[in-house]
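Q: Please see the structure below; I have some questions.
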Amino acid sequence: MYNEPMLKDGTLKGKTLVVTGGGTGLGRSMSKYFLQLGANVVITSRKLDVLQKTAAELETETGGTVLALACDVRNDFEVEQVLKQTLEKFGSVHGLLNNAAGNFISPTERLSAKAFGVIIDIVLKGTVNCTLAFGKHWIEQKQQASILNIVTTYAFTGSGYVVPSACAKGGVLAMTRSLAAEWGRYGIRCNAIAPGPFPTKGAWDRLLPGDLAKKFDFKNRVPLKRVGDHQELANLAAYLMSDFSGYINGEVITIDGGEWLQGAGQFNGLEAVTPEMWDMLEAMIRNTKGS
Ligand code: HXC
Ligand code: NAP
């Protein structure tokens, strides 16, 4: 596995980037790399104590500047306050990474309307709230910017047992492509990343609780037989936030080691067949005559 930082020093110098859900997991890892590349980073989520701890650690680790702001993305007023406080601190803002999410596994018929709604509200409505607030600001300021949305591969395949998340991420993907077309003329690029399995406490505790982590080992579903490394995702996110990707707009880039295609191909399960079994099967097939 090659997991070195990819971009040259100073790639994001002079940029201020807002990362929702930036206090933990993948949001933290992407924020760290943005800081290493010279950006100022604003990290937001509901838990200010978590954010402040992460901000202090990231500043020590990278020497960059981090602003930690409590904000529930479901609340459009709180999102407006993030924009306001970001401008007060840094003067301008150049990118938005919609990374905050909520999710848990459940048979859909066990969900209340509220349980379904809470995921839609965090993932879809939260992304809408942030995108609208920052997008309107950039259009008014006539400023170029980059919006990056973290979706999943089941945003386009669908998936049982995470149906609210699939619906919400599918909506985010539709918004990504729609706004790429509509806001491109303002110089606002809108792209998405669809990660496969990247271990984080937030996702693993809710998607693979208890024994499930062993029984449903994600790496067995991936042709490359491993999960993703956070730096691999951070490299892609930094590229999409940087000016190097200036002509990429409306794209969703999958980074999953081939996981979703493995599940899609009708005969991919045949990897379980041993060479000896293949000898037998081949003989049987060759002996087949007529219908
Ligand atoms: C059924 C459940 C439930 C469960 C909660 N609910 N957990 N229903 N099964 N396991 C119901 C509650 O009973 C309630 O409905 C409603 O959902 C709201 O629950 P609250 O706990 O009040 O909501 P809240 O405190 O806002 O918490 C939101 C949350 C929580 C989504 C439920 O898990 C959270 O805070 N998550 C944030 C972080 C996160 O999820 N990270 C993982 C992202 S991973 P009723 O009707 O009973 O009142 C990801 C990976 C994708 O997206 C792909 C990976 C490969
Ligand atoms: P995580 O650590 O649980 O990240 C989710 C973040 O969202 C948390 O920091 C959480 O902080 C924040 N959040 C939740 N509800 C919020 C709300 N209402 N308002 C503001 N912030 C909120 O899990 P992760 O694995 O790093 O996930 C990050 C992103 O990657 C998500 O979009 C997820 O869908 C996506 N993803 C992950 C994987 C994976 O394998 N890990 C795969 C595909 C996609 P608070 O609790 O403090 O609010």
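Q: Filtering region 259-291 down to residues that are open to solvent by less than 90 Å² (accessible area, probe 1.4 Å) and aliphatic (A, V, I, L, M), which residue is nearest to PRO197 (Cα to Cα)?
A: For region 259-291, the residue satisfying everything is ALA264.
Q: Further, regarding this structure: Out of the residues in region 173-203 that are of a type in the set (Phe, Trp, Tyr) and part of a helix (DSSP H, G or I), which is farthest from ligand 2 (Cβ to nearest atom)?
A: Of all residues in region 173-203, those of a type in the set (Phe, Trp, Tyr) come to 183, 186, 198.
Still in the running and part of a helix (DSSP H, G or I): 183, 186.
Values: TRP183: 21, TYR186: 25 Å.
Among residues in region 173-203 that are of a type in the set (Phe, Trp, Tyr) and part of a helix (DSSP H, G or I), the one farthest from ligand 2 (Cβ to nearest atom) is TYR186.
Q: Further question on the same structure: Quick check on VAL118: is it touching a strand residue (DSSP E or B) at 6+ places or on another chain (Cβ under 9 Å) and among the aliphatic types (A, V, I, L, M)?
A: no
Q: Quick one: how many residues across region 111-129 are of a type outside the set (A, V, I, L, M) and within 6 Å of ligand 1 (Cβ to nearest atom)? Don't jump to the end; show me each part of the working.
A: First, the residues of region 111-129 that are of a type outside the set (A, V, I, L, M): 112, 114, 116-117, 121, 125-127, 129.
With the extra rule that they be within 6 Å of ligand 1 (Cβ to nearest atom), the set shrinks to 112, 114.
Residues that pass the stated criteria total 2.
Q: Please name all residue pairs, on different chains or six or more residues apart, with Cβ atoms under 7 Å, provided the first residue is in region 94-112 and is farther than 25 Å from CYS71 by Cα and the second residue is among the hydroxyl-bearing types (Ser, Thr, Tyr) and within 10 Å of ligand 2 (Cβ to nearest atom).
A: That search, which allows pairs on different chains as well, returns nothing.
Yes/no matrix, rows are residues, columns are (1) in contact with a Leu (Cβ under 7 Å, 6 or more places away or on another chain); (2) modelled with pLDDT under 95; (3) farther than 26 Å from ARG221 by Cβ; (4) loosely packed, with under 15 Cβ neighbours inside 10 Å:
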| site | (1), (2), (3), (4) |
| --- | --- |
| GLY95 | yes, no, yes, no |
| GLY102 | no, no, no, no |
| GLU109 | no, no, no, yes |
| ASN129 | no, no, yes, no |
| ALA133 | yes, no, yes, no |
| ILE147 | yes, no, yes, no |
| GLY171 | yes, no, no, no |
| LEU179 | no, no, yes, no |
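Q: Go through region 151-169 and report how many residues are open to solvent by less than 40 Å² (accessible area, probe 1.4 Å) and within 14 Å of the chain's Cα centre (by Cα).
A: 8
Q: Quick check on my filter: what residues within region 19-35 are farther than 15 Å from LEU236 by Cα and touching a His at 6+ places or on another chain (Cβ under 9 Å)?
A: GLY25
Q: Filter region 30-52 down to the residues that are open to solvent by 30 Å² or more (accessible area, probe 1.4 Å) and more than 8 Å from ligand 2 (Cβ to nearest atom) and list them by number.
A: Passing the criteria: LYS32, GLN36, GLY38, ASN40, LEU48, ASP49, GLN52.
Q: Looking for whichever is within 15 Å of ligand 1 (Cβ to nearest atom) and more than 24 Å from VAL172 (Cα to Cα) here; the options are THR20, THR54. Which one fits? I'd like the intermediate steps shown before the answer.
A: On the way: THR20 fails: more than 24 Å from VAL172 (Cα to Cα).
Selected residue: THR54, the only one of THR20, THR54 that is within 15 Å of ligand 1 (Cβ to nearest atom) and more than 24 Å from VAL172 (Cα to Cα).
Q: Shifting gears a bit: Condition test on THR60, is it within 30 Å of CYS167 (Cβ to Cβ) and either over 20 Å from the mean Cα position of the chain (by Cα) or of a type in the set (S, T, N, Q) (or both)? So that I can check it myself, show each step before the final result.
A: On the way: within 30 Å of CYS167 (Cβ to Cβ): no; either over 20 Å from the mean Cα position of the chain (by Cα) or of a type in the set (S, T, N, Q) (or both): yes.
So THR60 does not fit the description; no.
Q: For region 53-64, enumerate the residues that are farther than 22 Å from ASP243 by Cβ, of a type in the set (Ser, Thr, Tyr) and surrounded by 17 or more Cβ atoms within 10 Å (Cβ to Cβ).
A: THR54
Q: Here's another thing I want to ask about it. Would you check if there is a residue in region 243-255 being within 12 Å of ligand 2 (Cβ to nearest atom), open to solvent by 20 Å² or more (accessible area, probe 1.4 Å) and among the charged types (D, E, K, R)?
A: No - not one qualifying residue is present in region 243-255.
Q: Identify all residues within region 23-47 that are away from ligand 1 (no atom under 15 Å from the Cβ) and within 17 Å of GLU78 (Cβ to Cβ); write none if there are none. Before you say what the answer is, go through the steps one by one.
A: First, the residues of region 23-47 that are away from ligand 1 (no atom under 15 Å from the Cβ): 31-42.
Passing the criteria: only VAL42.
Every residue, every condition in (1) in contact with a strand residue (DSSP E or B) (Cβ under 9 Å, 6 or more places away or on another chain); (2) under 27 Å from TYR33 (Cβ atoms); (3) without any contact (Cβ under 8 Å) to a residue 60 or more places away in the chain, yes or no:
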{"site": "ALA180", "(1), (2), (3)": "yes, yes, no"}
{"site": "PHE198", "(1), (2), (3)": "yes, yes, no"}
{"site": "ASP211", "(1), (2), (3)": "no, no, yes"}
{"site": "PHE216", "(1), (2), (3)": "no, no, yes"}
{"site": "LYS225", "(1), (2), (3)": "no, yes, yes"}
{"site": "PHE244", "(1), (2), (3)": "no, yes, no"}
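The values are calculated or read from the model by the stated rules, or taken from the named source; none is laboratory data. On a predicted model such as this, the values are computed, not experimentally measured, just so you know. Please note: Cβ atoms are built from the backbone with ideal geometry, for glycine as well, and neighbour counts cover all protein chains shown. The area values use the complete protein model at the heavy-atom level, side chains included, leaving out ligands, DNA and RNA. Shrake-Rupley method; radii C 1.70, N 1.55, O 1.52, S 1.80 Å.
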